[in-house]
1. Compute the length gained on full extension between Asp214 and Thr492: take 0.36 nm times their separation in residues and subtract their Cα-Cα distance, giving the result in nm to one decimal.
2. Quick check: at a probe of 1.4 Å, how many percent of the accessible area of the range 125-281 sits on carbon and sulfur atoms?
3. Quick one: which residues, 5 or more positions from Ile20 or on another chain, have an amide H under 5 Å from its amide H? H modelled 1.01 Å from N in the peptide plane, none for Pro or chain starts.
4. Which residue, Ser407, Trp478, Gln421, has the largest displacement toward the positive end of the dipole of the range 400-528 when charges sit on each Cβ (Lys, Arg +1; Asp, Glu -1)?
5. So what are the ³J(HN,Hα) numbers for the range 16-26, from phi and the Karplus equation (6.51, -1.76, 1.60; θ = phi - 60°), rounded to whole Hz, Gly and Pro as x?
6. To the nearest 10 square angstrom, what accessible area does Ser526 show with a 1.4 Å probe?
7. Among the listed pairs Lys284/Lys326; Lys304/Lys340; Lys503/Lys523; Lys34/Lys189; Lys247/Lys284; Lys151/Lys474, which have their C-alpha atoms separated by more than 26 angstrom in this model?
8. Report, to the nearest whole %, how much of the accessible area of the range 400-528 belongs to carbon and sulfur atoms, 1.4 Å probe, protein only.
Amino acid sequence: MPDLKETICNEVSRRKTFAIISHPDAGKTTLTEKLLLYGGAIRLAGSVKSRKANKHAVSDWMEIEKQRGISVTSSVLQFTYNDYCINILDTPGHQDFSEDTYRTLVAADSAVMLIDGAKGVEAQTIKLFHVCKMRGIPIFTFVNKMDRASKDPFELMEEIENVLGIRSYPMNWPIGTEGDFKGVYNRSKAQIELFDGGNHGQSTVSSTIGSVNDKVFADLLGEHHYNKLCEEIELLNLAGDEFDKKKIMSGELTPIFFGSAMTNFGVQPFLEEFLNLAPKPGFKKSSIGDVDPESDKLTGFIFKIQANMNPTHRDRIAFLRICSGKFTKGMGVYHVQSKKEIRLAQPTQFMAQERTIVEEAYPGDIIGLFDPGIFNIGDTLSEGNSQLKFDGIPIFPAEHFARVTASDSMKRKQFQKGIMQLSEEGAIQTFKQIDIGIEALIIGAVGALQFEVLEYRLKYEYGVDIKIQHLPFKHARWIIGENIDPRKLNLTSSTMIVEDNEKHHVLLFENEWSIRWAEERNKDISLVDIATNF
Ligand SMILES: Nc1nc2c(ncn2[C@@H]2O[C@H](COP(=O)(O)OP(=O)(O)OP(=O)(O)O)[C@@H](O)[C@H]2O)c(=O)[nH]1
């Protein structure tokens, strides 16, 4: 029997926890589903067509996601492949929900950047890439939709370098980029892998693998493809970057894979090479120094809270990323922020709508804790150490604001409860206007679509119809300064003074010009755009 320390070391070394980032529609949900298919977690992938016909993909669970066909929140999925235990954090691609993605990235050890081969690097990819870059995590690139005519792969590499500022190293190379995708060339093995037609990606595809020098491939591919491939390999070897694992680990070099999530071509070669290269859970920064994942004491942090994930149970789930030690069901841990010992009685793990009770979990795993309203995003849980606090999770500044009221004043209580819960999830930020007799609630959101989600969720989860009056503000700035009375500040007439839930004073501005006005005329204050400084 291995002892606890040995068990933890073994489990840490087989864990891979990563997020998939991309512009909407690049195929994240499809790729996630296909990875599950290869892991044996699902038997038949719902093809994209049937998804459009309203059968949603495994990781898109909220009603609103089904209706709109976009992912609104991140979901966490665990499955095994060979001996690896894989945690995928699926994230919404739509920019209006990017603040959820930013938070989720804090829980990932690496990221897979998905790019549409025909579109190249798109706006949202750039934003999310920079968050990963800031965190210094390794970024793997999967160029998707190669079954359609794509940009030239050399051109894509150049674009990645010019737009994102990162060098790339193709791990494999596509054969056929004009909508005639046949297979990939694996550079480390100098092998060709040709895919068989398959059944539109519903089940795994088989392939023929062999040395690039094998004459069979010249015949199978035809002269045009074979010669083109040989020339391109030569060019890559001559002019491309060297493979450098250290640079990959520090996020300076991105390994590129080509494939098609829809037809499954290239999914398995990607998965195997990715698992081989991607880092296991590493050390995490905390208030008392770096935490070793292989330490025998459990630690972790909450990075996401979501209410009503299961409409039949009105509950709230806090997502805990385990950073060290071993988790066992029912164990007691110290909740650092409330300074209380709590028992983790009914933790769950996720396979989209199916939840299972977790008996044990290890660093890199994400478990859902039933939350009676005690957790906040960024909270630390620690076994036996009341001083340990993980670094906070930044709150991204709202860019859209509206005054929100319940249509029926009799439903005020449910309205307040709903607003409070959704703001604890981090989906919205709430402010109150100061010096107004009746309580005026102002909601801020990072993306405008969040208001639609708010309206929908209040109606269906809390039974409250709301009125939304959009306001022209674009920026929120927290006031920093000693004993400041915000009413006495010299501000433009369009600036509004509000306070956040913690009663910190905040200014809402319509434009940059008004911010500069406030900064230049009020030298004894400073204005900050994120609330984590408190
Ligand atoms: N041709 C082709 N289409 C694909 C492929 N993968 C995904 N798609 C298509 O791309 C569309 C978007 O796929 P999704 O997997 O839903 O994209 P997503 O990135 O999860 O989108 P969000 O949910 O908005 O974040 C679907 O309609 C698919 O038809 C692929 O490999 N080839």
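1. 92.6 nm
2. Working: 3450 of 7060 Å².
Carbon with sulfur: 49 percent of the solvent-accessible area.
3. Leu89, Thr91, Val112
4. Positive-most Cα among the choices belongs to Ser407.
5. 9, 10, 9, 10, 9, 10, 4, 6, x, 6, 6
6. 50 Å²
7. Values: Lys284/Lys326 16 Å; Lys304/Lys340 20 Å; Lys503/Lys523 22 Å; Lys34/Lys189 24 Å; Lys247/Lys284 20 Å; Lys151/Lys474 37 Å.
As for pairs spanning more than 26 Å Cα to Cα, those are Lys151/Lys474.
8. On the way: 3280 of 6740 Å².
Carbon with sulfur: 49 percent of the solvent-accessible area.
The values are calculated or read from the model by the stated rules, or taken from the named source; none is laboratory data. Computed from a predicted model, the values in this text were never measured in an experiment. Note: ideal-geometry Cβ built from the backbone for every residue, glycine included; neighbour counts use all protein chains shown. Surface accessibility is based on the protein's heavy atoms, side chains included, excluding ligands, DNA and RNA. Shrake-Rupley method; radii C 1.70, N 1.55, O 1.52, S 1.80 Å.
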